[in-house]
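Student: What follows is a structure written as structure tokens; I'll ask about it next.
The values are calculated or read from the model by the stated rules, or taken from the named source; none is laboratory data. Owing to the predicted nature of the structure, the values given are computational and were not obtained by experimental measurement. Virtual Cβ from ideal backbone geometry, glycine too; neighbours counted across all protein chains shown.
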Amino acid sequence: MANFPTHIAVGTVVSGALATVTLAADVVAPENLVAVTLAGVLGSVLPDIDLKDSRPSRAMFAGLGVFFAFSVLFSLQQKYSVAEMIILWLGTLVLVRFVAHAFFHRLSAHRGIWHSILAAVFCACATAAIYTSVLGRNEGVAWLAGGFLTIGYLTHLILDEIYSVDVMDTRLKASFGTALKLIDPRHPGATAAMAVATVIAFLLAPPLKTFVDGVTSRSLWSALQHRLLPQDNWFGLDWRQLARRPDLPSRAAPPSAAAGANAIQTGSITPAAPAPAAPAK
């Protein structure tokens, strides 16, 4: 399997490329671009959440603890005193970071259901639901974040499968085929639970219509195709002019058909001077 820095590096590159295309196509406002890009980076390490005592697992449960702690704090700020809110904030943080972390790893197995396409779909739906209900983003941005996370998630799974191939010894490692799979046939109970959780997350997520209409519109793809490559030059420079040798005289362009009878006067031949006008009598 690929290590944590590799997953972060590749996930960041993939998410950055997606963000560039999204910005060029004017799919999302710039102020929302960072939020959806971070979802893609998160997805690139999320499958390793089931790896006990790993950096991704500790970091993600710590992040979830902070997220839920502040969610509880903001929802109950008018109801309790400062001392009570501090206790609730710390209690939620400890509960998620340590208790939920330990309970989760008792039920999960590495390279299990979290290394599956079904888990990627669940995380996409959960992301869309969180972006609308908690972060207050609109439906299109929420599902775009879910799409970014899914691509980052699949990037992780594909990278693990690539690292399962020993190129030097031309053999497949024992882990080959365990990272990228539709479901986890070894643990049917976990697969059934993930399927139920996916359905619930999809029902809690916002409607897909805004997102689908946006990414399938003809104007979007037309604008993206127009901006895919430079029209005249690269980075504002005409590289064809720079490639010419400055010590050689430039060759005159051949006369064009549109010049008609005066074509000779457009080349390198200097036209004859007009005859002086006769003095008026």
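Student: Select, from 105, 101, the only residue that is crowded, with 20+ Cβ neighbours inside 10 Å and assigned to a helix (DSSP H, G or I).
Tutor: Every option except 101 fails the conditions.
Student: Check 18, 42 and return the single one that is in a helix (DSSP H, G or I), within 16 Å of the chain's Cα centre (by Cα) and under 30 Å from residue 219 (Cβ atoms).
Tutor: 18
Student: Additional query: Quick check on this structure: which one of 41, 72 is surrounded by 15 or more Cβ atoms within 10 Å (Cβ to Cβ), more than 21 Å from residue 214 (Cα to Cα), among the β-branched types (Val, Ile, Thr) and at pLDDT below 85?
Tutor: Going through 41, 72 in turn, just one is surrounded by 15 or more Cβ atoms within 10 Å (Cβ to Cβ), more than 21 Å from residue 214 (Cα to Cα), among the β-branched types (Val, Ile, Thr) and at pLDDT below 85: 72.
Student: Do you know which of the residues in the stretch 199-210 that are touching a Cys at 6+ places or on another chain (Cβ under 6 Å) and among the aliphatic types (A, V, I, L, M) is surrounded by the most Cβ atoms within 10 Å (Cβ to Cβ)?
Tutor: The extreme case among them is 205.
Student: Something else about it: Name the residues in the stretch 139-172 that are over 16 Å from residue 44 (Cβ atoms) and either modelled with pLDDT of 90 or more or assigned to a helix (DSSP H, G or I) (or both), would you?
Tutor: Step one: filter the stretch 139-172 for residues over 16 Å from residue 44 (Cβ atoms), giving 139-144, 164-172.
The answer is 139, 140, 141, 142, 143, 144.
Student: Shifting gears a bit: What do you reckon, is residue 55 within 27 Å of the chain's Cα centre (by Cα) and of a type outside the set (A, V, I, L, M)?
Tutor: In short, yes.
Student: Of the conditions (1) part of a helix (DSSP H, G or I); (2) over 18 Å from residue 10 (Cβ atoms), residue 78 fails just one. Which one is it?
Tutor: Just one mismatch for residue 78, condition (1).
Student: If I filter the stretch 130-150 down to residues being touching a residue at least 60 places away in the same chain (Cβ under 8 Å) and surrounded by fewer than 19 Cβ atoms within 10 Å (Cβ to Cβ), which single residue comes out as nearest to residue 214 (Cα to Cα)?
Tutor: That would be 139.
Student: Does residue 61 qualify as being of a type outside the set (A, V, I, L, M), part of a helix (DSSP H, G or I) and without any contact (Cβ under 8 Å) to a residue 24 or more places away in the chain?
Tutor: no
Student: State which residue is farthest from residue 127 (Cα to Cα) when the search covers only the stretch 191-211 and only residues that are of a type in the set (Val, Ile, Thr) and in contact with a helix residue (DSSP H, G or I) (Cβ under 8 Å, 6 or more places away or on another chain).
Tutor: Among those residues, the one meeting the criterion is 191.
Student: For residue 83, which of the numbered conditions (1) assigned to a helix (DSSP H, G or I); (2) in contact with a His (Cβ under 8 Å, 6 or more places away or on another chain) fails to hold?
Tutor: Among (1) assigned to a helix (DSSP H, G or I); (2) in contact with a His (Cβ under 8 Å, 6 or more places away or on another chain), residue 83 violates only (2).
Per-residue answers, yes or no, for (1) in contact (Cβ under 8 Å) with a residue 40 or more places away in the chain; (2) within 18 Å of residue 186 (Cβ to Cβ); (3) touching a Ser or Thr at 6+ places or on another chain (Cβ under 7 Å):
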site: 71; (1), (2), (3): yes, no, no
site: 79; (1), (2), (3): no, no, no
site: 85; (1), (2), (3): no, no, no
site: 90; (1), (2), (3): no, no, no
site: 94; (1), (2), (3): no, no, no
site: 99; (1), (2), (3): no, no, no
site: 102; (1), (2), (3): no, no, no
site: 108; (1), (2), (3): yes, yes, no
site: 116; (1), (2), (3): yes, yes, no
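Student: Output yes when any residue across the stretch 50-60 is on the phi > 0 side of the Ramachandran plot and not hydroxyl-bearing (Ser, Thr, Tyr), and no when none is.
Tutor: Yes, because at least one residue in the stretch 50-60 is on the phi > 0 side of the Ramachandran plot and not hydroxyl-bearing (Ser, Thr, Tyr).
Student: Considering every residue within the stretch 35-46, establish whether at least one is free of Cβ contacts under 8 Å to residues at least 60 places away in the same chain and within 23 Å of residue 125 (Cα to Cα).
Tutor: yes
Student: Output the residues belonging to the stretch 211-232 that are among the small types (Gly, Ala, Ser) and either surrounded by 14 or more Cβ atoms within 10 Å (Cβ to Cβ) or not assigned by TED's automatic domain parsing to the domain that holds residue 144 (or both).
Tutor: Within the stretch 211-232, 214, 223 meet the criteria.
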